[in-house]
Amino acid sequence: MTQENPLIEKRSYQFALRIVKAYKYLAKQQNEYVLSKQMLRSGTSIGAMMREAKFAQSRADFVSKVSVALKEANKALYWTELLHDNEYTDNKTFESIYNEADEITSILASIVKTTKDNTEKYDNQKYFS
C-alpha cells in the first residue's frame, strides 16, 4: 500500500539534515557525544520511518510506521530540550530545532488520527452498507 505525503517526507528529510549538522557541531565544538547521539538517532529516524510508511503493506502497517515516526519526533523534542537545558545549545538554535520538531510531531499526529478515522469509516461502510 503506497501512501503519498510529500510535505512530511520533505520536512522530515530536511529536519534530519539539520540534526546531522547539529550533531557534528555538538561533537566537535562542545565535545558532547551522549545526548547528541540520542538526538541524532531520533531525529534521523523520523524520515526513515516515513520512507518505510510510503510502502506500507496495509493501512494498519502504515499507521504503525507513522506512529513510530511520531514517537521518534517526540524523543527528538526531549533530547533537544535536554541539550538546551544543559547549555549545549543557545536559545536561537534550540527554538529553531524544537519548533520544527514540534511541527513535525503535530503533522504526524494528524496523519495517524486521520488515517485511523478514515479506516474506521471505510470499515463501517463495508460492514453496514
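The values are calculated or read from the model by the stated rules, or taken from the named source; none is laboratory data. Treat the numbers as computed from the prediction; the structure is a model and nothing was measured. Note: ideal-geometry Cβ built from the backbone for every residue, glycine included; neighbour counts use all protein chains shown. SASA here: full protein model, heavy atoms, side chains in, ligands and nucleic acids out. Shrake-Rupley method; radii C 1.70, N 1.55, O 1.52, S 1.80 Å.
Hey, among the residues in region 76-98 that are of a type outside the set (A, V, I, L, M, F, W, C) and surrounded by 19 or more Cβ atoms within 10 Å (Cβ to Cβ), which one's nearest to the chain's Cα centre (by Cα)?
Taking the candidates together, the pick is Thr80.
Of the residues Thr114, Thr119, which is in a helix (DSSP H, G or I), in contact with a Lys or Arg (Cβ under 6 Å, 6 or more places away or on another chain) and farther than 20 Å from Gln14 by Cα?
When all the criteria are applied, what remains is Thr119.
Write out, first by first residue and then by second, each pair whose Cβ atoms fall under 6 Å of each other, whose residues are 6+ apart or on separate chains, and whose first residue, in region 50-63, is within 19 Å of Arg11 (Cα to Cα) while the second is surrounded by 14 or more Cβ atoms within 10 Å (Cβ to Cβ) and acidic (Asp, Glu).
These pairs meet every condition: Met50/Glu9.
Please go through region 11-63 and pick out each residue that is of a type in the set (Val, Ile, Thr) and either surrounded by 15 or more Cβ atoms within 10 Å (Cβ to Cβ) or not in a helix (DSSP H, G or I) (or both).
Within region 11-63, Ile19, Thr44, Ile46, Val63 meet the criteria.
Determine whether Glu72 is in contact with a helix residue (DSSP H, G or I) (Cβ under 9 Å, 6 or more places away or on another chain), open to solvent by 20 Å² or more (accessible area, probe 1.4 Å) and modelled with pLDDT under 95.
no
Residues in region 76-99: is at least one assigned to a helix (DSSP H, G or I), in contact (Cβ under 8 Å) with a residue 60 or more places away in the chain and touching a Lys or Arg at 6+ places or on another chain (Cβ under 7 Å)?
yes
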